[in-house]
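*Asks:* Take this structure first; my questions come after.
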Amino acid sequence: MTALLRYHSGLFLRSQRWLAPLLLYAALVAVGVRPGDPVLGSLGIAAAGLLPVAAWSVRICLTQEAAAARAVTAAAGGRARAHLAALLTGAGWPVLAGAVAVGAVTGTGDLAGTGGPAALLAGLLATTACALTGGAVGALVSRPFVKATGWSVAGLLLGSLLVLVTTGSPAKHAVAALVAAEGATRPPWASCAAAVLLAAVTAAVSCRAGARRE
């Protein structure tokens, strides 16, 4: 699995297709967050902005290989494992970007009534929840479920919006807990755990479908 992760990460970085989602995330954070704003609300905005970026990143990693190269990778590592490595790569890089954003927002935000370590932990959990939820969206709107680019992009945008506003979504719960908080807040452990479970189930379904159809 390590070799597959390195392979997909190398493809992702060398292709420079990561630039577009990264710039989108940087723009969202720059527009939505200002130094000196209440830190919890700013962390909620940063977490919410990561969700469509993670979905986009997962879609990139699932579609970046040509059909011939994908067949070789599947033959070498197994179709399900190769598909899982692409999913993990697509979701892993946004988590890293989110962690950097959380550190920057915590360092520049207004910590009045909120401890720095508590805000940092809450922000990391919320961004992880949003990244994993976005990754689940990206997996469901990419191959093997949706192969047409137009429908895939439309599903990505609509799915990202729905999981941000739908009651019961781990991402919505995590973001709302931060944005609505006044002063100290409880770290959104439950939301993060629910997002991990959602991502695991989605990955299992996606890998199984990919192994059968491709």
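*Asks:* Kindly check whether there is at least one residue in segment 62-84 that is at pLDDT 85 or above, in a loop (DSSP other than H, G, I, E, B) and out of contact with any Pro (no Cβ under 9 Å at 6 or more places or on another chain).
*Replies:* Yes, that holds for at least one residue.
*Asks:* Further question: Does any residue in segment 53-76 that is within 17 Å of Ala3 (Cα to Cα) come within less than 6 Å, Cβ to Cβ, of a residue that is open to solvent by 10 Å² or more (accessible area, probe 1.4 Å) and outside any helix (DSSP H, G or I) six or more places away or on a different chain, and which pairs are these?
*Replies:* Short answer, once both residue conditions are applied: Leu62/Arg143.
*Asks:* Could you say whether any residue in segment 162-173 is more than 28 Å from Arg34 (Cβ to Cβ) and touching a residue at least 60 places away in the same chain (Cβ under 8 Å)?
*Replies:* There is no residue in segment 162-173 that is more than 28 Å from Arg34 (Cβ to Cβ) and touching a residue at least 60 places away in the same chain (Cβ under 8 Å).
*Asks:* Filter segment 180-197 down to the residues that are in contact (Cβ under 8 Å) with a residue 60 or more places away in the chain and closer than 20 Å to Leu87 by Cα, then identify the one that is least open to solvent (accessible area, probe 1.4 Å).
*Replies:* That would be Ala195.
*Asks:* Which one is nearest to the chain's Cα centre (by Cα) among residues in segment 102-133 that are closer than 30 Å to Leu11 by Cβ and surrounded by fewer than 23 Cβ atoms within 10 Å (Cβ to Cβ)?
*Replies:* Leu124
*Asks:* Restricting the first residue to segment 7-29 and requiring it to be in a helix (DSSP H, G or I) and among the hydrophobic types (A, V, I, L, M, F, W, C), which pairs with a second residue that is open to solvent by 70 Å² or more (accessible area, probe 1.4 Å) and at pLDDT 90 or above meet a Cβ separation below 9 Å and a spacing of at least six or different chains?
*Replies:* Going by the 9 Å Cβ cut-off, the qualifying pairs are Phe12/Trp93; Leu13/Trp93; Ala20/Trp56; Leu22/Trp93; Leu24/Trp56; Leu28/Ile45; Val29/Ile45.
*Asks:* Next up: Can you tell me which residue among Ala204, Ala200, Ala177, Ala209 is open to solvent by less than 20 Å² (accessible area, probe 1.4 Å), assigned to a helix (DSSP H, G or I) and of a type outside the set (S, T, N, Q)?
*Replies:* From the options Ala204, Ala200, Ala177, Ala209, the qualifying one is Ala209.
*Asks:* Going residue by residue through segment 139-149, is there one that turns out to be within 15 Å of Gly41 (Cβ to Cβ), open to solvent by 40 Å² or more (accessible area, probe 1.4 Å) and over 17 Å from the mean Cα position of the chain (by Cα)?
*Replies:* no
The values are calculated or read from the model by the stated rules, or taken from the named source; none is laboratory data. Remember, it's a predicted structure, so these values are computed and weren't measured experimentally. FYI the Cβ positions are ideal-geometry reconstructions off the backbone, even for glycines, and counts take in every protein chain you see. Side chains included, ligands, DNA and RNA excluded: accessible areas come from the protein's heavy atoms. Shrake-Rupley method; radii C 1.70, N 1.55, O 1.52, S 1.80 Å.
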